[in-house]
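*Asks:* I'd like to ask you about the structure that follows.
We did not get these values from a lab; they are worked out from the coordinates using the rules stated. Remember, it's a predicted structure, so these values are computed and weren't measured experimentally. Cβ placement follows ideal geometry from the backbone for every residue including glycine, while neighbour counts extend to all protein chains displayed.
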């Protein structure tokens, strides 16, 4: 993988195909429980760590069942509203 600079995921002039293949190898290794074979940007490392920490399966969509309408309404009723009575309600 190409070394990264602060604020940039890919430095100019990088072969994007080669970079994508290398990133895929690193992703597969990390998600498989191995150490990253190449350095990762801290942002990417933290994200992948969260995925693994939540027990999500990176090979699946991790689809969620939608909540029943009554539960959505219950949560709305019990949640603080971003629209307080002092606001005009205009966007």
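*Asks:* Taking neighbour counts of Cβ atoms within 10 Å as a proxy for exposure, in what order, fewest first, do 69, 48 appear?
*Replies:* Going from sparsest to densest Cβ surroundings: 69, 48.
*Asks:* Additional query: Say each of residue 57 and residue 29 gets a label point 7 Å from the Cα, pointing the same way as Cα to Cβ; how far apart are those two points in nm?
*Replies:* Calculated label separation equals 2.5 nm.
*Asks:* Take the alpha carbon gyration tensor of region 17-82, find the square roots of its eigenvalues, order them as a ≥ b ≥ c, and report rounded if a/c is under 1.5; if not, report prolate when a/b exceeds b/c, else oblate.
*Replies:* Prolate, since a/c reaches 1.5 and a/b exceeds b/c.
*Asks:* Which length gain, in nm to one decimal place, applies between residue 65 and residue 46 when the Cα-Cα distance is subtracted from 0.36 nm times their residue separation?
*Replies:* Between residue 65 and residue 46, full extension yields an extra 4.2 nm.
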